[in-house]
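Scroll down for the structure; my scribbles are underneath it.
The values are calculated or read from the model by the stated rules, or taken from the named source; none is laboratory data. If you're wondering where the values come from, they're calculated on a predicted model, not measured in any experiment. Cβ sites come from the backbone with ideal geometry, for glycine too, and all protein chains shown count toward neighbours.
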Amino acid sequence: MRSSKLRKYSVLTAVLAGTAGVTALGPAQAEAAGATLRIAAGDDAYVSSARPTAVFGAETKLVAGVAGNETKTSFLKFAVPAGTRVAGARLNLTAQASTASTVTVRRVLATAWTEGKLTAATAPALGTVLSSAVPGATLSVDLGKVVTGPGTYAFALSSTGAAVRFQSAEATSGAPVLEVTTQGDVSPPVPAANKDCVTGAKLVPSCGVLWGAAAGGFTDAPRDQALRDWEKLSGRTSTIFHTYHKGDEVFPTKSEIAMTAEAAAPRVLLTNWKIAYGSSWAKVAKGEQDKRIDAFAARAKAYGKKFFLVLNHEPENDVVAHAGSGWEAKDFAAMYRHTILRLRAQGVTNVVNVLAYMGNEKWMAQSWWKDLYPGDEVVDWIGLDSYVSAEPGYYHYGKFNDLLDRAPTGGGLGWYAWATTQHASKPIMVAEWGAYHRVGKIAEKAPVYNSVLAELAKRPGIKAIVYFDTKHDDEGDRDISINSTATALAAFKKLAADPIFKVKLG
């Protein structure tokens with residue numbers, strides 16, 4: 001715990017079962033049984049054969065076709081949220097003018113491109129033809145055989161005839177939409193009475209939410225015993241056991257192995273590793289800590305069980321935004337990529353990595369904040385460490401939604417909206433959370449705990465929450481414990497007892 005343009009966002013429309021009404025929800029929210037998700041393009045742009053290095057990502061149009069010696073091709077990318085059970089999908093485009101040209105829609109397998117850098121010289125290869133048609137006022141293409149579940153999907157528009165223009169995501173109306181119909185609902189938060197929730201290959205639960213904790217923070221108490229005591233206090237075994245390591249420390253430790261080997265109390269390890277301790281992110285990215293990575297790789301393989309790994313949680317707090325510092329945001333992304341790719345090259349298959357942001361307003365407003373992200377291909381989960389105050393009028397006073405929805409200073413998408421639209425295929429872990437009051441200034445935390453379930457129901461992208469419990473934070477002035485008052489403890493125990501957290505480790 002420590003104290004690009006994002007103007008595109010998904011629009012989700014839920015058609016309520018048994019009613020004729022339509023309810024519009026916020027990003028990645030769908031509470032109704034039987035929903036239609038209208039997902040905006042996260043990136044879209046056209047490229048020109050005559051201007052191979054020109055970028056057109058900010059244009060209000062998409063163009064496909066030929067004019068003289070110039071051929072234009074358009075690209076679109078959509079992210080289907082984690083937990084979505086897809087029944088069908090359709091791409092809807094709005095034409096800017098009528099045309100007699102045939103437009104071909106193709107699948108594009110590469111998804112790492114962005115509209116701000118896409119050019120004809122860097123454009124990905126075009127794949128399988130999905131449809132060819134002459135558009136009228138609109139063009140609607142059935143993509144049900146291609147869009148089958150959560151993930152990022154890219155498509156291209158091309159034509160050998162006269163240029164056809166469509167509205168882009170920058171247009172004030174008629175923007176491209178991927179309309180996804182779902183099987184019943186979007187990741188139901190509460191399991192059916194006779195249905196088991198179980199974790200899959202990336203430890204994502206099939207339903208429900210993983211429950212976890214780090215206990216005894218900033219004390220000398222052994223972390224395993226602190227967690228056992230916390231579990232007794234809260235009334236539920238913590239499925240996720242959160243620990244912290246740095247540098248060449250040997251982990252998983254004997255106690256961590258023991259805690260995750262108890263048949264009567266199944267737990268999975270979530271450990272944070274400050275791999276660059278005594279070094280720098282840039283040096284790790286250059287390979288100067290490969291011996292450290294390889295030693296960990298051997299231990300991880302010997303451990304055998306799947307576990308969560310966070311590389312340098314809350315990196316925002318460690319950024320030194322000066323060229324050559326070795327601690328720039330881009331250095332973090334490079335360190336992260338290098339470490340994960342090297343672990344994979346060493347044959348490590350049981351590490352599930354989590355990128356854990358702070359997501360505070362001042363950090364999200366920094367020009368370098370977006371540069372921290374190392375790429376979807378090396379991130380398994382997106383995490384957030386965030387806290388709220390129980391003291392009215394104090395810094396970050398609020399409830400559970402307030403720790404998720406903080407937006408950049410000066411305006412923009414809140415953290416949850418950012419995560420579920422920019423990286424919608426990634427499950428979300430609230431990797432540290434808690435309610436606090438200043439030491440000696442007791443305030444009631446029960447309203448925070450009482451707000452959690454309703455907010456989780458609105459946010460199906462959240463697949464795990466992990467409480468950080470301590471009587472004193474790192475600066476000694478905040479109490480984040482669950483039992484600072486009897487009413488707070490009662491509210492927390494009620495929260496912990498909810499069946500949404502009944503998830504089996506697969």
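Yes or no, residue by residue, for (1) of a type in the set (A, V, I, L, M, F, W, C); (2) under 28 Å from Thr239 (Cα atoms); (3) in contact with a strand residue (DSSP E or B) (Cβ under 7 Å, 6 or more places away or on another chain); (4) not assigned by TED's automatic domain parsing to the domain that holds Lys291:
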| position | (1), (2), (3), (4) |
| --- | --- |
| Ala321 | yes, no, no, no |
| Trp327 | yes, no, no, no |
| Phe332 | yes, no, no, no |
| Ser367 | no, no, no, no |
| Lys370 | no, no, no, no |
| Ser386 | no, yes, yes, no |
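Just one of the listed residues (Trp433, Trp415) is in contact with a strand residue (DSSP E or B) (Cβ under 8 Å, 6 or more places away or on another chain), over 30 Å from Val86 (Cα atoms), buried (at least 19 other Cβ atoms within 10 Å of the Cβ) and not assigned by TED's automatic domain parsing to the domain that holds Ala79, namely Trp433.
To keep it simple, each residue is scored yes or no on (1) loosely packed, with under 15 Cβ neighbours inside 10 Å; (2) among the small types (Gly, Ala, Ser); (3) on the phi > 0 side of the Ramachandran plot; (4) not assigned by TED's automatic domain parsing to the domain that holds Ile465.
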| site | (1), (2), (3), (4) |
| --- | --- |
| Glu249 | yes, no, no, no |
| Pro252 | no, no, no, no |
| Val268 | no, no, no, no |
| Lys274 | no, no, no, no |
| Lys283 | no, no, no, no |
| Gly287 | yes, yes, yes, no |
| Ala297 | no, yes, no, no |
| Ala300 | no, yes, no, no |
| Lys305 | yes, no, no, no |
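Yes/no matrix, rows are residues, columns are (1) within 24 Å of Arg38 (Cβ to Cβ); (2) at pLDDT 95 or above; (3) assigned by TED's automatic domain parsing to the domain that holds Asp43; (4) among the aliphatic types (A, V, I, L, M):
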site: Gly136; (1), (2), (3), (4): yes, no, yes, no
site: Gly144; (1), (2), (3), (4): yes, no, yes, no
site: Gly149; (1), (2), (3), (4): yes, no, yes, no
site: Phe155; (1), (2), (3), (4): yes, yes, yes, no
site: Ser158; (1), (2), (3), (4): no, yes, yes, no
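Summed over the range 475-503, the residues that are in contact with a Gly (Cβ under 7 Å, 6 or more places away or on another chain) and surrounded by fewer than 18 Cβ atoms within 10 Å (Cβ to Cβ) give a count of 2.
Considering the conditions (1) surrounded by fewer than 19 Cβ atoms within 10 Å (Cβ to Cβ); (2) over 19 Å from the mean Cα position of the chain (by Cα), Leu343 is excluded by exactly one of them, (1). A single member of Ala464, Ala424 is of a type in the set (Gly, Ala, Ser) and in a loop (DSSP other than H, G, I, E, B), and it is Ala424.
Applying the criterion of being of a type in the set (Val, Ile, Thr) and part of a helix (DSSP H, G or I) to the residues of the range 407-421, the residue that is farthest from the chain's Cα centre (by Cα) is Thr421.
Quickly run through the range 56-94 and pick out the residues that are surrounded by fewer than 19 Cβ atoms within 10 Å (Cβ to Cβ), assigned to a loop (DSSP other than H, G, I, E, B) and either under 27 Å from the mean Cα position of the chain (by Cα) or not hydroxyl-bearing (Ser, Thr, Tyr) (or both). Across the range 56-94, the qualifying residues are Ala58, Glu59, Gly68, Asn69. If you go through the range 198-222 and keep only what is more than 17 Å from Ile428 (Cα to Cα) and modelled with pLDDT under 95, you end up with Gly216, Gly217, Phe218, Thr219, Asp220, Ala221, Pro222. Taking the criterion of being hydrophobic (A, V, I, L, M, F, W, C) and modelled with pLDDT under 95, the residues of the range 109-124 that qualify are Leu109, Ala110, Ala112, Trp113.
The residue pairs whose first member lies in the range 353-379 and is under 23 Å from Phe307 (Cα atoms), whose second member is among the polar types (S, T, N, Q) and part of a helix (DSSP H, G or I), and whose beta carbons are closer than 9 Å, counting only pairs six or more residues apart or on different chains, are Asn353/Thr339; Met358/Asn317; Tyr373/Gln422; Val378/Thr339.
For the range 261-291, the tally of residues that are more than 11 Å from Asp331 (Cβ to Cβ), outside any loop (DSSP other than H, G, I, E, B), over 25 Å from the mean Cα position of the chain (by Cα) and not acidic (Asp, Glu) stands at 1.
Residues in the range 126-174 that are of a type in the set (A, V, I, L, M, F, W, C), closer than 12 Å to Gln96 by Cα and loosely packed, with under 15 Cβ neighbours inside 10 Å: how many? Number of matching residues: 1. Quick check on Phe241: is it at pLDDT 95 or above and of a type in the set (Phe, Trp, Tyr)? Taking the combined requirement at face value, the residue satisfies it. With respect to the conditions (1) of a type outside the set (S, T, N, Q); (2) in a helix (DSSP H, G or I); (3) modelled with pLDDT of 95 or more, Gly347 lacks only one, and its number is (2). Filtered by the rule that a residue be surrounded by fewer than 19 Cβ atoms within 10 Å (Cβ to Cβ), of a type in the set (A, V, I, L, M) and closer than 30 Å to Arg292 by Cβ, the range 191-225 gives Ala201, Ala221. When the criteria are applied in full, Asp294 meets the requirement of being charged (D, E, K, R) and in contact with a helix residue (DSSP H, G or I) (Cβ under 9 Å, 6 or more places away or on another chain).
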